[in-house]
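The values are calculated or read from the model by the stated rules, or taken from the named source; none is laboratory data. Here the structure is a predicted model, which is why all the values come from computation and not from measurement. Glycine also receives a Cβ, built like all others from the backbone with ideal geometry; neighbour counts cover every protein chain displayed.
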Amino acid sequence: MGGPKAVVLRCRVTMESRVADVFTLSLSKPTTPEALRAFRADVTRALDEGVRSLLVDIDEIGTLDSPAIAALIVALRAARERSAAISLRVSRPNLLDTLRVTALDQVFAIVVPLPARPEAAVPKRRRRTAPRRTVAAVAAVMVAAGLSFGTAAADSTPAPDEIVQHLIAQNVRVATYEATIGVDVHMRSFPYLADHLDGTAYFKRPDHFELVFRKVPALAKGFDKLTSDIDDPTSWERRFTISYVGERTVGAHRDVVLRLVQRVRGMIDHEDVAVDPDAWHVDEMEWYYYNGGTIAMTQDYQNVGAFSVLASQHATIRIPYVHAAADATYTDYKTNVAIDDSVFTAKR
């Protein structure tokens, strides 16, 4: 039979046959890194062989965690790049709720089978997997040839787009939040001014972030823009060309470093972003200006309930005629609360 074959690596990831020009995949737990790499490889093969409509059954995945969501988003991007469509088949209430809370039901077509999942009537022989020796051989070839979802070997650093999707998938159950922010700004050059700002930080999925200060003196202008740049990776691929440039030691661990170059060039030559590949946090971000100026921001995090959110930020600004520092703290988080859209449109 023609068409892509299933690759199963320490998990149950199966491809079913093509029906009515729709290619169906089934993704189930455990969602190990090997499992998700196998899933992405299956998607790639299907698309490369001309499939233009993919249906991913996720009912047996248990829970949609950050790695699984990142894999689905990367698959969606790959499908769109080939003018293909991808849908999710799901009936479990907890999964439907996650899709709703994360706004993924707005980017994926959702198929809810009624009254029961169609797979119940499918003969088991259609779900057989490849022999163990075949699977091992295919896995060995993939590692030796450096095959993954479009880039490096399975045990290497993720591709830049995968890193970005992991960042986007952080705190997937946080639909909104608001927090109290306090910022201390100090001029390290003449006229050596200092000030304190109080305000509120607002976030709403999929990509709305805003800082609203009670007063914004001229010396603090732009701090909200820096914070927005870091907290909005959903816009990075639209605004920048992104490349992997190496690793950097941050604290007691190693971060991967991405370089962002503006697609529409302005005053900034490039931005470097240091990402913790275990926690999927942005630890540091540096802006390099054509005039020789630099701005560097570091971040620390705290746990609020089940979520990992910003605790503090420190920015050092060194641009012509200005040397300053800004320290911000975030407290009193309220998650998944109602936030009016006018909060995000007022400044525009």
**Asked** Can you name every residue in the stretch 247-299 that is assigned to a loop (DSSP other than H, G, I, E, B) and either at pLDDT 95 or above or more than 27 Å from VAL185 (Cα to Cα) (or both)?
**Response** ALA252, ARG263, VAL264, ARG265, PRO277, ASP278, ALA279, TRP280
**Request:** Hey, could you check the stretch 254-273 for residues that are out of contact with any helix residue (DSSP H, G or I) (no Cβ under 7 Å at 6 or more places or on another chain) and not charged (D, E, K, R) and say which is surrounded by the most Cβ atoms within 10 Å (Cβ to Cβ)?
**Result:** VAL273
**Fill in**
Quick count over the stretch 191-209, residues being part of a strand (DSSP E or B) and at pLDDT below 85, is 2
**Asked** What do you reckon, is ARG188 exposed (fewer than 14 other Cβ atoms within 10 Å of the Cβ) and modelled with pLDDT of 80 or more?
**Response** yes
**Asked** SER26 fails exactly one of the following numbered conditions: (1) among the small types (Gly, Ala, Ser); (2) assigned to a strand (DSSP E or B); (3) at pLDDT below 80. What is the number of that condition?
**Response** (3)
**Request:** Give the number of residues within the stretch 302-348 that are in a strand (DSSP E or B), surrounded by fewer than 18 Cβ atoms within 10 Å (Cβ to Cβ) and without any contact (Cβ under 8 Å) to a residue 60 or more places away in the chain.
**Result:** 8
**Request:** Being within 26 Å of PHE307 (Cβ to Cβ) and either over 22 Å from the mean Cα position of the chain (by Cα) or assigned to a loop (DSSP other than H, G, I, E, B) (or both) is the filter here, so list the residues in the stretch 29-51 that pass it.
**Result:** LYS29, PRO30, THR31, THR32
**Request:** Would you be able to tell me the number of residues in the stretch 52-84 that are surrounded by fewer than 21 Cβ atoms within 10 Å (Cβ to Cβ) and assigned to a strand (DSSP E or B)?
**Result:** 2
**Message:** Taking the criterion of being at pLDDT 55 or above, of a type in the set (A, V, I, L, M), surrounded by 20 or more Cβ atoms within 10 Å (Cβ to Cβ) and not in a loop (DSSP other than H, G, I, E, B), would at least one residue in the stretch 111-133 satisfy it?
**Reply:** no
